Amino acid sequence: MIFPHQIYRVTSFVLSISILSLFSSNLTTALDKPSISRKNSYLFTQIERLNSQQLSNSARIAHNFKDDELLIVGNPTVPRLPGEKTPQLLPIPGAEEEAKAIAKIFKTQAITGNAATETAILRKITQAKIIHLAAHVIELNNSNAIALAPSDRDDGWLSSADIQKLHLKADLVVLRAGKTALGKITGDGVMGLSRAFMVAGAESVIASLWEVDDMAMSFLMTNFYKNLSKNPDKADALRKAILETMKKYPNPEDWAGFISIGLL
């Protein structure tokens, strides 16, 4: 799908991260010292370097933001599924702590729990430069939806169709999906939501193609934003966060599934 308001470049670095999960669970040591995986780790660092050099100024994020340019959402109170009397999704406590930690980095407030209603999010989302959504993502009525807190004005489900109708100014959207007992979050589902944000005007989207351990995801996301607050190069911030996560969580399932769309 081509989005006419975007200038496109292939970001091979992040897409290649998923491929790395096929090689070895010992890539952390392969990056630091010679080993049988040296060839793979060399390719990994070369890809990183090429992408970093090719970044344009338009792919960088400004250091300073006004409060209304930041939308950090974590662990919304879960809505009921259609036809159900009680919520079927569990809270994501790690996502809430993560959102608060990210908000602290940027000196703003995270929106969590009952406050994270669909109405409240839609009120802020069109002005935000950075959008971080740490919530459940599921397939709903043959579409994909983000689970936000319900209110008397909405049901809490922000669907791909809803997102596509927005007019966003976002430099970056991060989709941090939580685990759900209702079935796997598919790569197609995440990609569908990512495309919806791009159609709505987002410059870039970062997401995970599969469910990731809550603590590992929080560690990676917090480090990503710490890096981003020091250096507005999104690709370099993500690269460093993934390398840091690999050291603490060596299982490729915890860091190898991240993708990006658009300018990184």
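Scanning segment 231-256 for residues that are modelled with pLDDT under 90, surrounded by fewer than 19 Cβ atoms within 10 Å (Cβ to Cβ) and outside any helix (DSSP H, G or I) gives Asn231, Pro232. Taking segment 125-149 as the range and being part of a loop (DSSP other than H, G, I, E, B) and not charged (D, E, K, R) as the test, the residues that pass are Thr126, Gln127, Ala128, Asn141, Asn142, Leu148. Filter segment 98-112 down to the residues that are closer than 20 Å to Thr77 by Cβ and of a type outside the set (A, V, I, L, M, F, W, C), then identify the one that is surrounded by the fewest Cβ atoms within 10 Å (Cβ to Cβ). Only one residue fits best here, namely Gln109. Across segment 150-168, the qualifying residues are those that are in contact (Cβ under 8 Å) with a residue 60 or more places away in the chain and assigned to a loop (DSSP other than H, G, I, E, B), and the one among them that is nearest to the chain's Cα centre (by Cα) is Gly156. In segment 184-205 there is at least one residue matching the filter, namely being small (Gly, Ala, Ser), crowded, with 16+ Cβ neighbours inside 10 Å, assigned to a strand (DSSP E or B) and modelled with pLDDT of 90 or more. Quick one: is Leu228 modelled with pLDDT of 90 or more, crowded, with 21+ Cβ neighbours inside 10 Å and either more than 13 Å from the chain's Cα centre (by Cα) or over 25 Å from Gly192 (Cβ atoms) (or both)? So Leu228 passes the test.
The values are calculated or read from the model by the stated rules, or taken from the named source; none is laboratory data. These numbers come from a predicted model, not from an experiment. When we count neighbours, we look across all protein chains shown, and the Cβ atoms used for this are built from the backbone with ideal geometry, even at glycine.
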